[in-house]
Every structure is written in structure tokens, then in C-alpha cells.
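Below you'll find the structure, written out as C-alpha cells, and then a few comments.
The values are calculated or read from the model by the stated rules, or taken from the named source; none is laboratory data. Since this is a predicted model, take the numbers as computed values, not measurements. FYI the Cβ positions are ideal-geometry reconstructions off the backbone, even for glycines, and counts take in every protein chain you see.
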Amino acid sequence: MLNRLCLAALDSLQSDVHRPVYDRSRVTPGVVHIGVGNFHRAHQAVYFDNLLGLNDLTCGIIGVSLRRPDMAGLLNPQDGLYTEWTSDQNGDHFRIIGALGKVITAPAAPDDVLQALCAPGIAIVTITVSEKGYLLDRHNGRLDMAHPIVRQDLEMGSWVGLPGLLVSALQARRAARMVPFTVVSCDNLPANGDMLRQAVIDFAAARDADLASWITDQVDFPNSMVDRIVPATTSTMCDDIKRRYDGISDPGMVKAEPFSQWVIEDRFRHGRPDLGSVGVQLVSHVAPFETAKLRLLNGAHSMLAYGGTLLGYELIDQALGDENLNRLVRLLMHEDILPSLDDLPGQSHAAYSEEILSRFANSEITYRCLQVAMDGSQKLPQRWLAGICWNLEQGRLPRYLGFALACWMAYLMGCASGSSPETLNDPLNDPLADQLLAAIGEAKAVPSDVVDGLFAMTSIFPSQITDNQPFGDLVKQYLRAIDERGCKDALTQALAPHDRQSG
Ligand code: CS2
């Protein structure tokens, strides 16, 4: 009796579990994916699985984990198979995804990683390493040459980080007179392809100027927008699957909402599968889609995460269920963000906002607030700060985004003091945690000094924001209110001008 999902166990699953309809033994890899987290398994891998289902058998994926061995440990014993469990109030749907062949852990098998990237069949490299994996200096959008990983990779001629890996692989392909692959960033960064391209070229230039110009001339890095809500897998989810599969476990499973979107710039001069046939939107410019998604969806998500944590909610759908926080998020979207967005043909931003909120309300697929709260220094520039700059340029004070910023700062203050119950057992999860906590420590937790101290971090805050005194005063006023009277009262105060207007 098999007790773990794998090829041999497929026949034992109930008939309502969808399984690969293609001949898996004939699949060849055409894609290497770097960063085999939950998002990849519920997003890009599903699109490639759909292509395999349409009989493009060159769409297999080789997965690469840059650091941790967990994914290889979970998926390789399962022949790369795992469940995509889709759920909402209309019901549940279980499907076995077969697109991933194997997962390689880079530190354990670096040569295998390079070999995979240099295989002639590999036309596309997709990436989800999260915002911090790009090793960027966000101040100027270039590779952070002072980053310890970048320095180490350049000094040792090695690669631990993403730019070093891509450069090493492209260098090897060039030396073998092969065409390069196309690199598709699938992380929530603005102009993610352009950013990655710059980081890769900067790294290459420091290693070999000819290689840098070859990459500049030959390699495409189309920008892309990705969207699907895929929370971290919990042991409860795994237990549910095991019960449903009559004792066969699948710790590699992912649970996701039904909605999924992938918009990519159609720049693949070395070829691509027919992505359009599986619902990928191929466009000439992704920016309007991406800006709307980052500011509306991710921006609202972060607001709910910090506001929700301060109000004592564990989950995003619970935070959205708070009457006042719900009103504030809607105001933030409608008043502060919508005016900053360019029109999208065929899409109403107001309808898009409503759709986002109803997706957040799906209690079957909800994030922990603290999961969304992590890495704020990397997320907030594109989610909130760009929209704040836009408003300030128009001479308008974005008060709801100002309140959001005060919530993030209050959350950081809670982490720094270790006093607030919700953050007590969760140390600040952010690559800039040390600097953020030091800034708060120096400010001795005095709200106005905290704002000044954090605003002094130029790698996060642009001068358009920090030079604007009325905006700084607004954030200080909100942070003082949260600090003195708690988030609930401060929220009521933040809504008061609106109540007066509408009353
Ligand atoms: C979330 C995103 O973790 C986060 O910060 O806002 O992962 C979000 O769920 C996805 O971008 C949705 O596409």
C-alpha cells in the first residue's frame, strides 16, 4: 500500500482527482524555474501543465531552489507530482500537476543546476525568488554592489545569488555557442524584467565586459505581471488531503484560489510555447497591468496585514471583516490609488478593486497577516510609496496611504519593543530588520522621531516623500494616535474627515 503521492500512486486516487492527461514519460524540459515555492507551483507550473495537456510535451520544468533543500526533499520522492487544491465557496477541486520533473537544490548540486540551464532544450527561465532575491539597490534600481552575496560571488567567481547564477549560465551558453534562454521574472516588482536585466548586466559587467554586451544584445527579459492568492501550506491542509486520498499523503501540495492571471510582454526572440492558448495574456507593455495590481491588490493586502495585526486579527479575511478597516481599505483604493493609475483597455479599476476585495474575503484561501507583513522594506516602495509620490506631485495629501504607513511603523515599533502580543513570538522578518530596528531604537520609540528615523532610510524612502513636510506631519499625527490610543481609536480618527464629508 503506497502512502505517499507518486506516479505509482496515481491509480489509487479517487476518480474526481484530475491527473495528467498527457504521457509523462514523453515530456522533455523546456523551462528551468528558479525558486520553487508555493506561488510557482500554483501559478507558472499550472500554465505549463496546461500546455502539456495540449500536447506541447516540451514544456516540462526543472526546478531549482537557490538555498533550501525542503522542496527537493518534498517533491523528488513524489516524482515531482503534487496537488493543486482550488477552493472557494462554490467548492473544491483537486488536480495533480505533473509539469515539474525534478527539483535541484543549488548548494548541494551546483553543477547540476548549470547543466540544467545549459541544456539546449531550455528556452525559458522563470523566476520567483521574492523581492529581496534580486539583490538590488532600490535607490537607483541597480545591482547592490555592496551586498555581501554580490561581493562574494564576484570575488570567488561563484554564484550564490540569482544574478551570479544567471550570468554564469549565460556565460556557459555563450562559450558553447548556444542561443541564450529568455528570462521571465515573476516577482511582484515594478518592471521586474527590466530590473532583473539591469542586475544581470551589472553583474556581468563586473566580471567580463564582452559578456555584458552579449547579454545586452542577445537576452530578452520580458516584464510580467503575475497574480494568484496562494497561502503557505499548513499541516491542516496536508491532513485534509491525506484523508481525502485515503491515507496517501502529499506534503508538496498547494491550496489556491480559482483566480489566476499572467500577463507577459511578448519578447521571446528565441522562441516560446503557445502561452496564449492557456490563458496567458501576451501584451506589448505590461506596466499598466502591473502598476494596477501592485498598488491595488498588493497595496491593499499590505494595509490589511499591518492594520489587521495591530487590531489583533490573525488572518487577512478577518482583517477585511473589521468594519472600519474595511472602509479604510476601500478609501485607500478609491481615493488614493485609483486616480494614480493609467486606464486599462477593457478594465474598470473600480470593478477590479471590488473583485480583489471579494478574493481577499475567500476564507478558504487566506493569508496570515504576518506572512504578508514580512519584507515590508522590499514591498512598500511599489505598493504604497510610488502612489504616495504620485499624489504629492499632484499637490494632494494621500491620507489613507499615510495611515497605512503609520500602521507599518507602529508594527515595527511593536517588533522593536517586543511588547505587543501579536509580534512577541515573531521577530521582524525583513532583510533590513537590523537597520529598521536600529532606527526605532535611536528614536527611543518617540513617534515623531520614529518617522524621522525611518524616513532617513534612503534605500526605502524617496526624497519626494521625505521632503514633504505636510505628509510627514500627517504620518506623525497618525503614528502618535496609534501609539497613544491604539489602532482602533486611531482608525476611527482617520475615518472621521470622511464621515464628516459624507454625513
Ligand atoms: C502578498 C502576495 O505576500 C504578499 O505580500 O501580497 O503574495 C499576493 O498574495 C500575490 O501577489 C497575489 O498575486
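Does residue 21 satisfy being among the β-branched types (Val, Ile, Thr) and buried (at least 20 other Cβ atoms within 10 Å of the Cβ)?
It is false that residue 21 is among the β-branched types (Val, Ile, Thr) and buried (at least 20 other Cβ atoms within 10 Å of the Cβ).
Are any of the residues in the range 87-103 farther than 26 Å from residue 166 by Cβ, in a strand (DSSP E or B) and within 16 Å of the ligand (Cβ to nearest atom)?
Within the range 87-103, one or more residues are farther than 26 Å from residue 166 by Cβ, in a strand (DSSP E or B) and within 16 Å of the ligand (Cβ to nearest atom).
Suppose the filter is within 16 Å of the ligand (Cβ to nearest atom) and buried (at least 20 other Cβ atoms within 10 Å of the Cβ); does residue 399 pass it?
Judged against the criteria, residue 399 is not a match.
Among what's in the range 303-324 and is part of a helix (DSSP H, G or I), away from the ligand (no atom under 16 Å from the Cβ) and in contact (Cβ under 8 Å) with a residue 60 or more places away in the chain, pick the residue that is surrounded by the fewest Cβ atoms within 10 Å (Cβ to Cβ).
324
Can you say whether residue 36 is closer than 21 Å to residue 166 by Cα and part of a strand (DSSP E or B), as far as the supplied structure shows?
Taking the combined requirement at face value, the residue does not satisfy it.
Could you list all residues from the range 425-464 that are of a type in the set (Gly, Ala, Ser), at pLDDT 95 or above and touching a Lys or Arg at 6+ places or on another chain (Cβ under 7 Å)?
Hit for the range 425-464 is 448, nothing else.
Could you give me the residue pairs with C-beta distances under 7 Å whose first residue belongs to the range 216-241 and is farther than 27 Å from residue 275 by Cβ, whose second residue is within 16 Å of the ligand (Cβ to nearest atom) wherever it lies, and which are 6+ apart or on separate chains?
Sorted first by the residue in the range 216-241, then by its partner, the pairs are 232/38; 232/371; 237/255.
Tally the residues that are assigned to a helix (DSSP H, G or I) and under 23 Å from residue 322 (Cα atoms), restricting the search to the range 469-488.
12
Here is a list of conditions, (1) over 23 Å from residue 223 (Cα atoms); (2) assigned to a helix (DSSP H, G or I), and residue 168 meets all of them except one; can you say which number that is?
(1)
Which residue out of 365, 337, 356 is more than 17 Å from the chain's Cα centre (by Cα) and of a type in the set (A, V, I, L, M)?
Going through 365, 337, 356 in turn, the sole match is 337.
Among the residues of the range 52-98, which ones are over 22 Å from residue 130 (Cβ atoms) and among the aliphatic types (A, V, I, L, M)?
Matches in the range 52-98: 52, 54, 57, 81, 96.
List every residue pair whose Cβ atoms sit under 9 Å apart, with the two residues 6 or more apart in sequence or on different chains, where the first one lies in the range 112-125 and is within 14 Å of residue 175 (Cβ to Cβ) and in the same structural domain as residue 175 (by TED's automatic domain parsing) and the second, anywhere, is part of a loop (DSSP other than H, G, I, E, B) and of a type in the set (Phe, Trp, Tyr).
So the pair list comes out as 114/159; 117/181.
Restricting to the range 212-235, and then to whatever is hydrophobic (A, V, I, L, M, F, W, C) and more than 17 Å from the chain's Cα centre (by Cα), can you tell me which residue is nearest to the ligand (Cβ to nearest atom)?
Among residues in the range 212-235 that are hydrophobic (A, V, I, L, M, F, W, C) and more than 17 Å from the chain's Cα centre (by Cα), the one nearest to the ligand (Cβ to nearest atom) is 221.
Scan the range 422-435 and give yes if some residue there is under 27 Å from residue 477 (Cβ atoms), aliphatic (A, V, I, L, M) and either touching a residue at least 24 places away in the same chain (Cβ under 8 Å) or not assigned by TED's automatic domain parsing to the domain that holds residue 336 (or both), otherwise no.
The answer is yes, given that some residue of the range 422-435 is under 27 Å from residue 477 (Cβ atoms), aliphatic (A, V, I, L, M) and either touching a residue at least 24 places away in the same chain (Cβ under 8 Å) or not assigned by TED's automatic domain parsing to the domain that holds residue 336 (or both).
Let me spell it out: the conditions are (1) surrounded by fewer than 17 Cβ atoms within 10 Å (Cβ to Cβ); (2) within 16 Å of the ligand (Cβ to nearest atom); (3) assigned to a helix (DSSP H, G or I), and residue 339 meets all of them except one. Which number is the exception?
(2)
Which of the residues that make up the range 140-159 are under 20 Å from residue 189 (Cβ atoms) and either surrounded by 14 or more Cβ atoms within 10 Å (Cβ to Cβ) or in the same structural domain as residue 430 (by TED's automatic domain parsing) (or both)?
Listed by number, the residues that qualify are 141, 142, 143, 144, 147, 149, 150.
State all residues of the range 128-165 that are assigned to a helix (DSSP H, G or I), in contact (Cβ under 8 Å) with a residue 60 or more places away in the chain and in contact with a helix residue (DSSP H, G or I) (Cβ under 6 Å, 6 or more places away or on another chain); if no residue qualifies, say none.
131, 132, 133, 134, 162
Could you look through the range 348-370, keep only residues that are in contact with a helix residue (DSSP H, G or I) (Cβ under 8 Å, 6 or more places away or on another chain) and more than 18 Å from residue 321 (Cα to Cα), and pick out the one that is farthest from the ligand (Cβ to nearest atom)?
Checked the range 348-370; the qualifying residue farthest from the ligand (Cβ to nearest atom) is 350.
Considering each of 357, 370 in turn, give the residue that is in contact (Cβ under 8 Å) with a residue 60 or more places away in the chain, part of a helix (DSSP H, G or I) and among the aliphatic types (A, V, I, L, M).
Sole residue among the options that is in contact (Cβ under 8 Å) with a residue 60 or more places away in the chain, part of a helix (DSSP H, G or I) and among the aliphatic types (A, V, I, L, M): 370.
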